[in-house]
Amino acid sequence: MHRALISGIAIAILCSVVGLFLVLRRYSLFGDAIAHSSFGGIALGLLAGVYPLWTAYGVSIVSALIITKIKKKYNISGDASIAVLLSSGIAVGLVIIGLSGGFTIDIFSFLFGSILLVSVDDTVLILALTGIILIVILSLYRQILYSTFNEEQAKVSGIPVEKINYLIIFMAGITVVTSIQLVGVLLISALFVIPNVTAIMYGRGFKQTAIISMSFSVFSVVVGILTSYIFDITPAGTIVLISIGLLGGTMGIKSAGLLSRK
Amino acid sequence: MSIVEITNLTVQYPDVKALDDVSFTVNQGDFLGIIGPNGAGKSTLFDAMLSLNTKYKGTIKFFGEDIRKSKNYLKEIGYVPQKPIFEKNFPATVNDVVRMGLRNESDENKIDEILQQLWIHELSNRRIGELSGGQLQRVFIAKALVNNPKVLILDEPVTGIDQQSIELFYSILRELNSKQKITIIWSSHDLDAVNKLANHVACLNRTLFFHGISEKFFSDDELVKQYSEASMQEHMHHH
């Protein structure tokens, strides 16, 4: 239980920070696409008898980088490239699972998450990756923010925008696979998108928005894990429903005119 | 001292030659107004000067160095785009946006200083999506100035801005050039404004029609007439 909460909080913080940049770049579904491609990687791992998350890291990062390159070279739009990435991952996964003799319990735990079963090794890995990614983001904060805000102006200011873009895709790939244990392949984009969409309605500046998003994300995860434990229901669904509840509440407050930033 | 040297610059797009054999020099302290009708190649010229487009023929030198060889010159340039494009809902305050331009984090005080100089200090904590066109423009000028650039490049920066803000903007430019000795390169299609502010003029209509001190251009009725006719023809052609 402790491990689930510690890993959950780390993942909540990581997803909200990386997700904020993706949402602002109009890349909201990119997390989803990487998650689906990681499904292919998980299946590959199960077939080969390797720990599935390792193959998932490899496959999802490589496919995310390839699709970014293809998108640029052939001028395919963002949503279409996401659709390509998403369906190819699932297709590869299905074929491999077919070859290995059908679905197993393991596949379901990756599809829907299994945070209550997280091991000590997994917890250490999650904490380490969260730490590394947050340090990278903090040390390149201005460059990442500026190239998210306006690529052209960032280029004129001498920022290596293309390298930064690849870095973000790379970090998104790692974040997604790390988070699979919490909410599973199918619900990842909820953690990337919902707390950030909610926070953008409250926050004024960037840092304030990021902190609000992290708070919502951590709140949803902690309350979600505890609730699911008490009532013996699935944590992934509960976490996402709580964050949707926060978004709905915020929209209600906003519609009632109670939310003003001035 | 020459700040910019452009020699035989030609930019060929698939269907049109956007710039044809353009050469001119900008010296330290110049306030150069680049005038020309829509489609004259002003933005194409800036894209090449800022290394946003590198598919050009000819040479562009900043501070004596070919910009194909080194991008270091960008550190000395402040650029204000025609229309600052950003996500309307972007969660950034005025202070956040100006800070993005700041290369050296330890120059924190510089942000307050520049916001005060441009009369937007009170807006420091406002979200940028809530600002008017004139306020937004000053925010982007502040961002361009926050690193103490030697050159300020502005691309038709008064499109869609109210008259009062335009006047304020012009007085800011004048002060930057005369008091702080910043070299300004400014594209505009407002001949009157260029006449009032700039000390040098470059008339562009894919080729360079005239380049020299602005009095010479504006006191030569024949030249102004020729230019107006050329741009009118171009204008008619476009419509």
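The values are calculated or read from the model by the stated rules, or taken from the named source; none is laboratory data. Just so we're clear, the structure is a prediction, and the values are computed from it rather than from any experiment. Ideal geometry is used to build each Cβ from the backbone, glycine not excepted, and the neighbour counts take in all protein chains shown. Just so you know, the surface numbers come from the protein's heavy atoms only, side chains and all, with ligands and any DNA or RNA stripped out. Shrake-Rupley method; radii C 1.70, N 1.55, O 1.52, S 1.80 Å.
Miscellaneous remarks
- Test result for B:Glu105, at pLDDT 90 or above and exposed (fewer than 14 other Cβ atoms within 10 Å of the Cβ): no
- Those residues of segment B:55-86 which are free of Cβ contacts under 8 Å to residues at least 24 places away in the same chain, in contact with a helix residue (DSSP H, G or I) (Cβ under 9 Å, 6 or more places away or on another chain) and within 29 Å of B:Leu136 (Cα to Cα), in sequence order: B:Ile85
- Any hit, segment A:22-31, residues being small (Gly, Ala, Ser), away from every other protein chain (no Cβ under 14 Å) and not in a helix (DSSP H, G or I): no
- Of the strands (runs of 3 or more DSSP E) contained entirely in segment B:24-96, those carrying at least 1 residues that are open to solvent by 60 Å² or more (accessible area, probe 1.4 Å) and more than 26 Å from B:Val139 (Cβ to Cβ) fall at B:57-62.
- Options B:Ala144, B:Ala202; residue that is touching a Gly at 6+ places or on another chain (Cβ under 8 Å) and in a helix (DSSP H, G or I): B:Ala144
- A:Leu145 within 14 Å of another protein chain (Cβ to nearest Cβ), buried (at least 20 other Cβ atoms within 10 Å of the Cβ) and at pLDDT 90 or above: yes
- Some residue of segment A:182-200 being within 14 Å of another protein chain (Cβ to nearest Cβ), within 28 Å of B:Pro84 (Cα to Cα), over 17 Å from the mean Cα position of the chain (by Cα) and surrounded by fewer than 19 Cβ atoms within 10 Å (Cβ to Cβ): no
- Residue in segment A:11-19 that is open to solvent by less than 10 Å² (accessible area, probe 1.4 Å), among the polar types (S, T, N, Q) and more than 24 Å from B:Glu87 (Cα to Cα) present: no
- Restricting segment B:59-93 to residues that are more than 9 Å from chain A (Cβ to nearest Cβ) and among the aliphatic types (A, V, I, L, M), the residue that is farthest from A:Leu24 (Cα to Cα) is B:Ile60.
- Of the candidates A:Thr227, A:Thr234, the single residue that is touching a residue at least 24 places away in the same chain (Cβ under 8 Å), surrounded by fewer than 21 Cβ atoms within 10 Å (Cβ to Cβ) and not small (Gly, Ala, Ser) is A:Thr234.
- Top-ranked residue in segment A:204-224 [being among the hydrophobic types (A, V, I, L, M, F, W, C), without any contact (Cβ under 8 Å) to a residue 60 or more places away in the chain and open to solvent by less than 80 Å² (accessible area, probe 1.4 Å); ranked as farthest from A:Phe149 (Cα to Cα)]: A:Val223
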